[in-house]
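Visitor: One structure follows; several queries about it will come next.
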Amino acid sequence: MVLKFAPSAKAFLQNKNGHKTICLPHTSSVCDHGVRMLINWMSFCSLFQTSKPLEAPSDLLHAIQLHNSLKAFLLLDDARRIHSEIEFAMMSKPLTAKQIRSIWISLPQDSEFVYLMIECIKGRRENKTVANTRLVESDPELLRRVTVPGENEKFRDNVGANEGQRASSEGSVCFTESPSPLLEAELEGNPWRDP
């Protein structure tokens with residue numbers, strides 16, 4: 001089923017103990033949650049024989065995880081669309097302390113989304129709430145990135161630089177496709193939103 005939607009995944013498909021397993025090169029930006037959202041969407045489309053476009057989850061961190069999974073499977077058109085939705089969400093609405101904290105602790109320091117989040121904190125007066133200020137001040141590294149001129153710019157080169165590239169580090173992240181997809185969840189609505 002995965003190969004139907006992401007033919008490039010064939011290179012990562014392995015058979016382990018009778019289960020199809022996808023082993024992606026180890027990266028710090030691909031996570032189990034994002035891959036599960038993607039596979040649930042693929043299952044839903046296969047089950048109902050539809051090609052409903054993949055939607056970005058309303059939770060900002062989940063949308064970022066989905067974006068990173070789409071890039072790992074080289075589904076770059078969908079990744080770019082989700083990326084645009086993430087940028088729009090970050091730029092158009094004030095970020096909450098919960099969003100800032102989850103992005104900061106869940107993503108690598110050199111992530112393009114961490115860079116963008118910090119630029120949003122610095123640039124929008126609405127993001128300078130008491131809760132956000134306390135959060136930024138409680139983490140010395142985050143405080144430095146937000147307040148020291150030019151500090152966040154050191155990470156600017158990562159924004160969009162790795163589009164379509166795979167990590168070359170050793171190891172892999174493996175996801176085993178269940179022989180029976182989550183049929184009950186699929187029948188209830190949007191299973192790819194939040195598994």
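The values are calculated or read from the model by the stated rules, or taken from the named source; none is laboratory data. Please read all numbers here as calculations on a predicted model, not as lab measurements. Cβ coordinates were reconstructed from backbone atoms using ideal geometry, including for glycine residues, and neighbour counts include every protein chain displayed.
Visitor: Quick one: which helices (runs of 4 or more DSSP H) sit completely within segment 9-116 and have at least 2 residues that are more than 30 Å from residue 139 (Cβ to Cβ) and modelled with pLDDT of 90 or more? Write out each step before concluding.
Guide: Numbers: elements: 32-48, 60-72, 76-92, 97-106.
Of the helices (runs of 4 or more DSSP H) lying wholly inside segment 9-116, those with at least 2 residues that are more than 30 Å from residue 139 (Cβ to Cβ) and modelled with pLDDT of 90 or more span 76-92.
Visitor: Here's another thing I want to ask about it. Report the residue count in segment 117-139 for those that are of a type in the set (Gly, Ala, Ser) and either assigned to a loop (DSSP other than H, G, I, E, B) or within 21 Å of residue 59 (Cβ to Cβ) (or both).
Guide: 1
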